[in-house]
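The values are calculated or read from the model by the stated rules, or taken from the named source; none is laboratory data. For clarity, every value in this text was computed on a predicted model and none was experimentally measured. All Cβ positions, even for glycine, are placed from backbone atoms using ideal geometry, and neighbour counts span all protein chains on display. The accessibility values were calculated without ligands, DNA or RNA, using every heavy atom of the protein model including side chains. Shrake-Rupley method; radii C 1.70, N 1.55, O 1.52, S 1.80 Å.
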Amino acid sequence: MDPVRHFKISILILALLVSAGTAGYMVIEGWVFLDALYMTIITLGTVGFKEVHDLGNAGKLFTIGLIVFGVSVLGYIVGSLAQIMFEGQIQRIIGRKKVERKIEALRDHYIICGFGRIGALICREFAAKPIPFLVIEKHPEVHEKLHHEEYLHIRGDATEDETLLRAGIKRAKGLISVVTSDTENVYITLTARGLNPDLYILARSGEEGSEIKLKRAGANKVVSPYLIGGSRMAQAILRPNVVDFIEIATGREHLDLQMEEILIPEKSAFVGENLVTAGFRKETGVIIVGIKKASGKMVFNPNPHTKIETLDTLIVLGEPVAIAKLEQLVACDSCADTIIKKHRKEHPDHA
């Protein structure tokens, strides 16, 4: 048992013992409450003070029993305190309180259910971005790894409402269920969807046919690691150069070229402009690979006349510095106005 729980239980037993001792002296000896409480405390404390009043035989036997039980309980309390101090439980409690405060402060975060091989990879990618997230894991031995990696985490079963509420599911942006059992993934998806109807849910599918069940349960997207892995291995033989390019563009370890998605805000000055007058390519050097419309339609290799609409998502390819510059450009309305005017003058036929 956890030493902290040991200590709490022993304090509760001590409180019950004091209550029983006080009540015992009042009943057996007929003393008033204060005298009975005082006698109980000095007996349990073994301070050696004289009895409040002379004791009868029944009172003496009761006192002997009280001393035996009291010394045992006090010894148990001292042992629990020593264990807490020696094992660093106080530091852990303080650290856990800090973690809980951080979890309560999370907003628009992602909840990752399961810290297996796939969960660990997802956490590594999110931490590198960085994207706010926390992990739910029910196996105690895994929490040492989470603590070592300094990831926010809670211990519990993600299929239970209470655990997901502790993880702030009503404030979360998305949930990723990657536990090994498809059955648990279905239950997690059902529970999460019931608690937050607007949540984006990504679920792992291990067995054939479970994808349909997960989508019925409320998952927005279902991914099968085995299907993706098998397809990637086949493509590595059939189209090795294409696979190498994709790995370079999407891999975190390759810093010279990256693929990213950038959302156009609702009130952006670029809304209504085309790719030429927006000047994305000329100002930053990125390549617009595609545009995902708010309706879900994907426009691949958009032509220069393609209009930018509200909540479009630009799929871009370029150097990290260029991508960062484009993100700043999209977020800066005053910069956008200047650039649009500039490129309208340079390309009046596209305006």
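Kindly point out, ordered by number, any Cys in the chain whose beta-carbon has no other cysteine beta-carbon under 4.7 Å away.
That list is Cys113, Cys123.
Report Rg(Cα)/(2.2 N^0.38 Å) for the stretch 157-290, keeping two decimals. Provide the component values of the computation, followed by the final result.
On the way: Rg = 19.5 Å, N = 134, 2.2 N^0.38 = 14.1 Å.
In units of the 2.2 N^0.38 Å rule of thumb, it is 1.38.
The stretch 213-351: Rg/Rh from Cα coordinates, Kirkwood Rh? If you can, show how the numbers build up before the last one.
Values: Rg = 17.7 Å, Rh = 16.9 Å.
So for the stretch 213-351, dividing Rg by the Kirkwood Rh gives 1.05.
Using only the alpha-carbon atoms, how far is helix 57-86 inclined from the longest principal axis of the chain? Give it as 0 to 90 degrees, nearest 10.
Computed tilt is about 30 degrees.
Quick one: helix 89-105 against the long Cα principal axis of the chain, what's the angle to the nearest 10°, folded into 0 to 90?
For 89-105 against the chain, the angle is about 40 degrees.
Taking N as the number of residues in the stretch 133-208, what is its Cα Rg relative to 2.2 N^0.38 Å? The partial results should precede the final answer.
Values: Rg = 12.2 Å, N = 76, 2.2 N^0.38 = 11.4 Å.
Rounded to two decimals, the normalised Rg is 1.07.
Roll a 1.4 Å probe over the protein chains and send me the accessible area per residue for the chain in Å². Walk me through the intermediate numbers first.
Working: 21210 Å² over 351 residues.
Value returned for the chain: 60 Å² of accessible area per residue.
The stretch 17-53: which chymotrypsin sites (Phe, Trp or Tyr not before Pro) are DSSP loop and have at most 16 other beta-carbon atoms within 10 angstrom?
Numbers: sites: Tyr25, Trp31, Phe33, Tyr38, Phe49; in loops: Trp31, Phe49.
When the chymotrypsin sites (Phe, Trp or Tyr not before Pro) of the stretch 17-53 are filtered for loop state and at most 16 Cβ neighbours within 10 Å, Phe49 remain.
Is there a pair in Lys307/Lys345; Lys213/Lys297; Lys138/Lys221; Lys129/Lys173 whose C-alpha atoms are over 22 Å apart, and which pairs would that be?
Numbers: Lys307/Lys345 18 Å; Lys213/Lys297 25 Å; Lys138/Lys221 24 Å; Lys129/Lys173 16 Å.
Over 22 Å Cα-Cα: Lys213/Lys297; Lys138/Lys221.
Output the Cα-based Rg and Dmax of the chain in Å, rounding Rg to one decimal and Dmax to a whole number.
Here Rg and the maximum Cα pair distance are 32.2, 112 Å.
Hey, if you put +1 on the Cβ of every Lys and Arg and -1 on every Asp and Glu Cβ in the stretch 37-176, which of Thr40, Ile169, Gly114 ends up farthest toward the positive end of that dipole?
Ile169
When the chain is modelled as a GNM with alpha-carbon springs shorter than 10 Å, which of Gly279, Gly65, Gly114 fluctuates the most?
Gly65
Looking at the stretch 169-209, which GluC sites (Glu not before Pro) are DSSP coil and have at most 12 other C-beta atoms within 10 Å of their C-beta? Mind dumping the intermediate values first?
Values: sites: Glu184, Glu207, Glu208; in loops: Glu207, Glu208.
Counting only loop positions with at most 12 other Cβ atoms within 10 Å, the GluC sites (Glu not before Pro) in the stretch 169-209 are Glu207, Glu208.
So if I average 1/r over every pair of distinct C-alpha atoms in the stretch 175-215 and take the inverse, what Kirkwood radius in Å does that give?
Numbers: mean 1/r = 0.0990 Å⁻¹.
After inverting the pairwise mean of 1/r, the radius is 10.1 Å.
With every protein chain left in place, what is the accessible area of Ser334 in Å² (1.4 Å probe, nearest 10)?
80 Å²
Share of the chain's accessible area from carbon and sulfur, percent, 1.4 Å?
Working: 12540 of 21210 Å².
Using a 1.4 Å probe with all protein chains present, the chain comes out at 59 percent carbon and sulfur.
Loop only per DSSP, at most 10 neighbouring Cβ atoms within 10 Å: give me the trypsin sites (Lys or Arg not before Pro) in the stretch 259-351, ordered by residue number.
Working: sites: Lys267, Arg281, Lys282, Lys292, Lys293, Lys297, Lys307, Lys325, Lys341, Lys342, Arg344, Lys345; in loops: Lys267, Lys293, Lys297.
Answer in residue order: Lys267, Lys297.
So how tilted is helix 140-149 from the main axis of the chain? Cα-based, degrees 0 to 90, rounded to 10.
It works out to around 60 degrees.
Test of understanding: express the Cα radius of gyration of the stretch 44-183 as a ratio to 2.2 N^0.38 Å, with N the residue count.
On the way: Rg = 24.3 Å, N = 140, 2.2 N^0.38 = 14.4 Å.
Normalised Rg, Cα atoms only: 1.69.
Which percent of Cα-Cα pairs in the stretch 1-73 sits in each 5 Å bin, short to long?
Histogramming the stretch 1-73 at 5 Å steps yields 3, 17, 28, 24, 13, 7, 5, 3, 0 percent.
Please express the Cα-Cα pair-distance distribution P(r) of the stretch 113-159 as a list of whole percents, one per 10 Å bin, running from 0 to the bin with the greatest distance.
28, 62, 10
Can you send over the solvent-accessible area of Glu319, 1.4 Å probe, protein chains only, in Å² to the nearest 10?
Rounded to the nearest 10, the figure is 110 Å².
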